[in-house]
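Bear in mind that the values in this text are calculations on the coordinates, not laboratory data. Source: prediction; values computed, not measured. Positions of Cβ are backbone-derived with ideal geometry, glycine not excepted, and every protein chain shown enters the neighbour counts.
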Amino acid sequence: MNAGFVGSVFGKINTHNFTFKAEAAIKKFDYIKLYHEEAGFILAQVIELTSEENNITATCEIIGYRDSRGVLKVPNSTVKHNSEIYIADSNFIKNVLGLDKEDGLYLGLLDNYNMIQVKIDVKNLVTKHLAVLAKTGAGKSYTLGVIVEDLIEKGVPCVVIDPHGEYSSLKFKNTSKNDLELMHRYDVQPKSYEQFVDEYSPNVSVNPGAKPLSISINSLSAHEIATLTPIKVSGTQLGLLFNAISDVKKENSNYSLLDIRQHLDSMNSNMKYGLYACLEFIENVGVFSDSPIDVSKLVNPGRATLINLRGVPPDIQQIIVAKLCSDLFEKRKTNELPPFFLIIEEAHNFCPERSFGETPSSYILRNIASEGRKFGLGLGIVSQRPARVDKNVLSQCNTQIIHKVTNPNDLKAIANSAENIGEGVIDDIATLPIGTALVIGASVKPVFIDIRVRRSEHGGKTVSVVGKTPVSKPVEKVNVQEKPEVKLNTPLKPVGVNPNNNAKISLPPKPVVVKFTVEAGKVERKEFEITAPKIDTVPVNIISAPNSLDNKGLLPFFMAEVNDGVKKFKLLVNDECRIVSFQNNKLIVVNTKPYDAKSLGLKAEAVLNLVKDKGTTTISVLFNTLNYPFQDIDFCLKELAKMNLIIVNGGKIMIKGVDYSSYSLNKNIETFNVKKNELVNMKTGAEQVKNYLENNKLKSESIVQVYVKS
């Protein structure tokens with residue numbers, strides 16, 4: 001029998017499948033080869049194993065062979081019964097599967113074949129779009145990091161939309177002990193890509209390693225204005241906006257939002273007030289600028305550009321992605337940018353399936369998915385919820401890298417979008433181990449891959465809540481014995497005697513009262529020892545603040561060390577559970593009662609209540625939710641601001657809550673012994689104070705009793 005022989009074909013055969021009885025060890029997903037009369041040796045894969053009475057039957061799927069032009073084909077006729085089947089060798093597998101591309105992106109090793117590196121065609125990957133899909137924690141961000149590393153290595157420019165700042169770690173070498181031990185297996189070395197990575201962020205205070213990012217606010221089209229805001233724009237309003245912009249363009253091609261607003265002012269239509277809200281929303285987003293970054297600088301051969309959106313609210317992230325992707329696509333259409341690869345992390349948030357709603361970025365990402373390849377713009381989407389990604393976008397991704405997915409809806413979405421994927425493979429996806437992925441699509445035949453370790457540091461680690469604090473061991477019961485009697489070899493010296501020379505030490509005299517009496521004609525001197533009356537004293541914390549109280553003496557308070565979520569500070573709380581503060585050296589009670597706008601009318605009250613419910617909101621949200629005319633909302637906001645009930649900061653509107661830190665205790669506290677009978681007891685307990693502070697959204701870390709001395 002020849003080496004590698006595992007069995008012979010028997011049973012039902014067709015041009016795609018056959019079965020054989022295993023006569024040697026064989027596993028599911030093993031690659032095998034057999035001779036075909038017309039095609040020569042062809043490659044097949046074991047897709048299922050069944051056992052009956054110690055006989056193992058393998059069901060196989062024919063992959064095919066490469067013809068003289070290198071095209072993968074499946075024979076038009078069946079294999080013969082009793083054809084001998086052999087384990088396929090590495091070179092044959094690589095050649096037929098197309099894994100031998102030296103200039104391909106190195107993803108990892110063929111699962112169960114440690115000698116076969118999987119390299120996929122860069123051109124097919126980039127121009128025919130990519131999806132990386134997995135449940136949370138299954139390895140999608142790690143795999144994308146592997147892809148970005150090799151895109152840099154191959155000189156392919158890429159732009160990564162990074163909502164959580166995970167890919168900044170590309171700048172650092174991989175120092176993971178586990179990864180370093182595995183690098184020899186994958187034939188990679190630790191590497192920093194710092195000199196090949198450019199990072200931009202709208203929020204550089206949260207992301208100090210990034211350059212500031214701002215986007216052009218000028219020359220926005222009517223469609224862009226309508227899609228960049230959450231405000232619903234009717235067809236009539238869109239027409240009004242289109243006419244205004246057409247008039248503005250005649251005067252200045254680089255027009256501003258102010259130019260548009262001025263033209264709307266001259267129009268005799270009440271529909272314009274809703275458009276004012278749109279323009280105001282865009283002006284107040286905070287990422288638009290008259291001096292924006294030149295998007296041409298974001299795409300450079302051999303470099304990866306990270307758009308780090310960590311610390312940016314989700315609704316603003318969507319606006320940034322919408323405008324940025326639109327500008328990049330337009331530049332690529334006119335050949336002002338080289339061909340590049342655009343990667344969207346958390347794609348379900350930026351191009352959701354229509355049943356989950358529209359976002360400002362939905363339209364442009366659908367457009368890039370359908371039209372981008374014609375202009376050399378590849379799209380990569382990454383998501384842990386495939387069912388929530390726009391199905392048209394997902395179906396345009398000819399290459400899919402799929403890690404473990406268990407949600408039935410997500411598995412169904414994958415089955416509907418992927419090519420050449422059967423029900424059996426879908427079942428296998430739900431049981432994939434971490435680090436293994438199924439790769440299917442245009443750039444490679446369906447294969448399972450053991451993803452290689454990264455050269456650079458992985459930044460998408462899940463924060464662990466286990467193992468940070470060691471678990472205390474149970475305390476063993478200890479039998480405590482009485483101390484044995486201590487016997488001294490050296491006798492104790494009497495008090496007042498120096499142990500070195502036995503000389504007496506001079507002690508201070510005891511306080512006495514001397515009395516002289518005359519008895520029987522004699523004067524006698526008598527001394528009486530003074531014994532001070534015993535008075536109980538206790539140590540107390542005292543804040544000295546002369547003239548701060550109407551009453552002199554000591555008054556009790558609680559001092560609480562609190563945290564408002566931003567900083568820690570100390571507050572003084574009185575016996576009635578009210579915060580007090582020193583102002584002009586006087587103690588005053590802080591007003592923390594809820595605000596009231598009833599005097600302004602029902603509309604103002606509704607606006608105030610909505611702001612309270614939202615915490616922080618925008619004029620566009622108020623406009624859409626309340627359906628009041630824009631001018632009414634604008635009036636209410638101005639009046640509420642005058643009453644110090646709200647704060648309008650740029651595009652954000654929020655309740656003017658109490659800044660408790662401004663009432664922080666900054667007096668010195670000293671400890672003195674005080675007679676118990678001079679202290680006044682508190683009626684309020686520490687637990688009541690704690691509850692009071694929590695009701696005011698203050699977390700108490702310690703509460704102690706203090707006294708103010710006036």
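Normalised by the number of residues in region 300-398, the mean separation of alpha-carbon contacts (under 8 Å, six or more apart) gives a relative contact order of 31 percent. Relative to one another, the C-alpha centroids of region 262-312 and region 78-132 are positioned 46 Å apart. About the centre of its Cα atoms, the chain shows a dipole size close to 2460 debye [charges on the beta carbon of Lys, Arg (+1) and Asp, Glu (-1) only; nearest 20 debye]. In plain terms, the bigger the Kirkwood radius, the slower the diffusion; for region 5-97, with that radius from Cα pairs, at 10 °C and 1.306 mPa s, Stokes-Einstein puts D at 121 µm²/s. For region 598-657, the alpha carbon positions stretch 26, 24, 19 Å along the principal axes, listed from largest to smallest. Once the Cα atoms are used to define both axes, helix 235-251 deviates from the longest principal axis of the chain by about 90 degrees.
The label-point distance for Lys12 and Val674, in a model that sets each label 7 Å from Cα toward Cβ, rounds to 9.4 nm. Calculated FRET efficiency, Ser544 and Leu258, Cβ-Cβ r, R0 60 Å, to nearest 0.05? Efficiency for this residue pair is about 0.55. Remark: the Glu84-Thr334 segment gains 84.3 nm on full extension, using 0.36 nm per residue and subtracting the alpha carbon distance. For Tyr86, the shell of other residues with beta-carbons less than 12 Å away shows a net charge of -3, using +1 for Lys and Arg and -1 for Asp and Glu.
So if the hydrodynamic radius of region 222-283 is defined as the Kirkwood radius over C-alpha pairs, what does Stokes-Einstein give as its diffusion coefficient at 10 °C and 1.306 mPa s, in µm² per second? Walk me through the intermediate numbers first.
Details: Rh = 11.5 Å.
Estimated diffusion coefficient is 138 µm²/s.
Compute the length gained on full extension between Asp613 and Lys249: take 0.36 nm times their separation in residues and subtract their Cα-Cα distance, giving the result in nm to one decimal.
Working it through step by step, the gained length comes to 126.9 nm.
What translational diffusion coefficient, to the nearest whole µm²/s, does the chain have by Stokes-Einstein, given a Kirkwood radius computed over alpha-carbon pairs, a temperature of 20 °C and 1.002 mPa s viscosity? My calculation gives 65 µm²/s for D.
Between Asn112 and Leu180, what is the FRET efficiency for a Förster distance of 30 Å, r being their Cβ-Cβ separation, to the nearest 0.05?
The calculated FRET efficiency here is 0.80.
To the nearest ten degrees, helix 630-642 and the longest principal axis of the Cα atoms of the chain are 30 degrees apart.
Kindly state, to the nearest 0.05, the FRET efficiency for Ser269 paired with Arg366, given R0 = 41 Å and r defined as their beta-carbon distance.
Once the sixth-power term is evaluated, E becomes 0.85.
Projecting the Cα atoms of Pro338, Asn409, Val680 onto the dipole axis of the chain, where Lys and Arg carry +1 and Asp and Glu carry -1 at the beta carbon, places Val680 farthest toward the positive end. Extending 7 Å from Cα along the Cβ direction at Lys656 and again at Glu153 yields two label points whose distance is 6.0 nm. Distance cut-off 22 Å, Cα to Cα: go down the list Lys128/Lys391; Lys614/Lys656; Lys676/Lys709; Lys28/Lys135; Lys101/Lys135 and report the pairs above it. Flagged as over cut-off: Lys28/Lys135; Lys101/Lys135. In a simple Cβ point-charge model (Lys, Arg +1; Asp, Glu -1; nothing else charged), region 7-101 has a dipole of about 340 debye relative to its Cα centre. Modelled spin-label separation between Glu687 and Asp427, with each label point placed 7 Å from Cα along the Cα-to-Cβ direction: 5.8 nm. What's the center-to-center distance, using Cα atoms, between region 329-357 and region 1-60 in Å? That distance is 44 Å.
Listed from fewest to most Cβ neighbours within 10 Å, the set Cys158, Cys325 follows the order Cys158, Cys325. The residue list Ser192, Leu610, Val46 was ranked by how far each Cα lies along the charge dipole of the chain toward its positive end, using unit charges on Cβ atoms, and Leu610 comes out on top. Taking the C-alpha atoms only, the angle from helix 362-371 to the longest principal axis of the chain is near 30 degrees.
Its DSSP H runs of at least 4 residues, each contributing -39,500 (n - 2.57), put the calculated 222 nm mean residue ellipticity of the chain at -7500 deg cm²/dmol, to the nearest 500. Most simply put, the chain has about 75% antiparallel DSSP beta bridges, counting only bridges with both residues inside it. From least to most packed, judged by other beta carbons within 10 angstrom and beginning with the fewest, Tyr200, Tyr167, Tyr628 follow the order Tyr628, Tyr200, Tyr167.
A protection proxy built from the mean count of other Cβ atoms within 10 Å ranks the segments 139-145, 230-236, most packed first, as 139-145, 230-236. Taking a point 7 Å from the Cα of Leu72 along the Cα-to-Cβ direction, the residues of region 28-63 with backbone N closer than 12 Å to it are 43-45, 62-63.
With an 8 Å Cα cut-off and a minimum separation of 6 or more residues, compute the relative contact order for region 222-283 in percent.
Here the relative contact order equals 45 percent.
Among the listed pairs Lys171/Lys323; Lys123/Lys154; Lys73/Lys404; Lys119/Lys331, those with a Cα-Cα distance over 22 Å are Lys171/Lys323; Lys73/Lys404; Lys119/Lys331. Per-residue extension of 0.36 nm, minus the Cα-Cα distance of Glu694 and Ser234, leaves a gain of 161.1 nm for this segment.
For Asp259, the shell of other residues with beta-carbons less than 14 Å away shows a net charge of -2, using +1 for Lys and Arg and -1 for Asp and Glu.
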